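Participant: Before anything else, here's the structure in question.
The values are calculated or read from the model by the stated rules, or taken from the named source; none is laboratory data. Keep in mind the model is a prediction, meaning the values are calculated, not measured. Cβ coordinates were reconstructed from backbone atoms using ideal geometry, including for glycine residues, and neighbour counts include every protein chain displayed. Heads up: the accessible areas ignore ligands, DNA and RNA and are worked out on the full protein's heavy atoms, side chains in. Shrake-Rupley method; radii C 1.70, N 1.55, O 1.52, S 1.80 Å.
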Amino acid sequence: MTSSRIPGGRGAWIFIVPLLLLMTAGTFYFAFQYKNSDQQKIELFHQEELHTQEIQSLRSQVDKLQSELAEVGSIAQQKEVQLRQKEATLETVKTASEQKETEEKILAQKKELMVLEHQKKLTQKLKTPLEAKEVTIRREQAKIILTFPNQILFDAGSDAVKTEATSMLTVIGNYIQDLPSEVETRISAHQDNTPLQGTLAQKYPSVLELTAIRAASVARTLTKMTNLSPKRILSVGMGDTQPLYPNDDPQKKLLNRRVEIVFDLTPSFQESTNKK
């Protein structure tokens with residue numbers, strides 16, 4: 001019985017087995033490399049996603065910052081407009097204030113000029129008694145004040161105006177006639193704190209009543225000598241309530257015994273201002 005044999009016999013397996021092993025190893029190697037490649041791709045994909053998210057986040061932050069910056073810019077513009085408006089308002093107020101201050105100064109100067117003009121006119125009319133120091137004249141703001149010592153107008157112990165004083169009062173009455181009707185004229189009589197004696201003490205309870213009668217007597221003389229309306233004059237007795245000097249010696253007491261005629265030009269000035 002004969003048997004057939006594969007050509008090459010055992011010698012052929014020597015080559016086949018290593019080749020099979022090499023092919024198997026190559027298969028595993030390529031499979032391993034392919035697996036690693038897939039993992040790298042997955043990791044790269046995740047990294048790309050992360051970068052994309054970071055970029056979107058940064059873009060969102062940039063958009064937010066730009067929005068906030070625009071809002072801040074808008075607020076800044078509003079503040080700037082408000083500031084300019086306030087500056088304009090302050091400038092207007094400042095200008096108005098300066099204008100008002102200037103107007104007040106002008107009015108004060110006009111007022112002072114008016115008073116000075118009246119004082120000059122009255123001084124010219126009373127030149128003789130002023131030079132003789134029988135009467136003094138002064139001004140206080142919008143008022144002109146004539147002061148007469150009691151002995152110029154009244155005899156001691158009397159409440160009747162002296163006859164020789166009537167000519168001077170006539171001049172004053174004519175001056176009042178020329179004044180605007182709104183000018184207030186007040187006659188006030190004053191006394192020192194010496195108690196009344198003799199006839200005056202019997203006639204008057206106090207110096208207050210005495211000064212009231214003397215002031216009324218001067219007012220009556222003015223209206224009688226010049227036909228001046230009694231409504232143009234106010235008379236008041238002040239007693240010893242408004243001394244010019246302390247009543248601590250006879251000379252000062254003598255100066256406190258006086259009659260004042262006060263011309264208040266304030267209403268006249270206000271009237272002329274309103275007309276303008």
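Participant: What is the sum of charges around Lys105, taking Lys and Arg as +1, Asp and Glu as -1, for the other residues whose C-beta is under 15 Å from the C-beta of Lys105? Walk me through the numbers on the way to the answer.
Facilitator: On the way: positive: Lys100, Lys110, Lys111; negative: Glu98, Glu101, Glu103, Glu104, Glu112.
Computed value for this residue: -2.
Participant: Rounded, prolate or oblate, given the Cα gyration tensor of segment 139-207, with a/c below 1.5 counting as rounded?
Facilitator: Working: a/c = 2.73, a/b = 1.80, b/c = 1.51.
Prolate, since a/c reaches 1.5 and a/b exceeds b/c.
Participant: For Thr194, list long-range residues whose amide hydrogen, built 1.01 Å from N in the peptide plane, is under 5 Å from its own amide hydrogen.
Facilitator: none
Participant: About the Cα centre of segment 180-259, what is the dipole size in debye to 20, counting +1 per Lys and Arg Cβ and -1 per Asp and Glu Cβ, all else neutral?
Facilitator: Details: 11 positive and 7 negative charges, 75 e Å.
Its charge dipole is roughly 360 debye.
Participant: Between Asn227 and Gln99, take the C-beta separation as r, use R0 = 35 Å, and let me know the FRET efficiency to the nearest 0.05.
Facilitator: Values: r = 47 Å, r/R0 = 1.34.
Once the sixth-power term is evaluated, E becomes 0.15.
Participant: Which ³J(HN,Hα) values, rounded to whole Hz and listed in residue order, are derived for segment 224-238 from phi using the Karplus coefficients 6.51, -1.76 and 1.60 in 6.51 cos²θ - 1.76 cosθ + 1.60 with θ = phi - 60°, glycine and proline given as x?
Facilitator: Rounded to whole hertz, the list is 6, 7, 10, 6, 6, 5, x, 5, 7, 10, 10, 10, 8, x, 9.
Participant: With respect to the cross-link table entries Lys125/Lys162; Lys110/Lys143; Lys121/Lys143; Lys162/Lys224; Lys105/Lys231, which display a Cα-Cα separation exceeding 23 Å? Before the final figure, lay out each step's value.
Facilitator: Details: Lys125/Lys162 20 Å; Lys110/Lys143 14 Å; Lys121/Lys143 14 Å; Lys162/Lys224 14 Å; Lys105/Lys231 34 Å.
Over 23 Å apart, Cα to Cα: Lys105/Lys231.
Participant: Calculate, for segment 124-276, the solvent-accessible area per residue in square angstrom, rolling a 1.4 angstrom probe over the heavy atoms of the protein chains.
Facilitator: On the way: 8290 Å² over 153 residues.
Here the residues of segment 124-276 average 54 Å² of exposed surface.
Participant: What spacing in nm lies between the two simple spin-label points modelled at Glu131 and Leu107, each 7 Å away from Cα in the Cβ direction?
Facilitator: According to this spin-label approximation, the distance is 4.1 nm.
Participant: Give me the one-decimal nm value for the distance between modelled label points at Ile213 and Gln124, 7 Å along each residue's Cα-to-Cβ direction.
Facilitator: Calculated label separation equals 4.0 nm.
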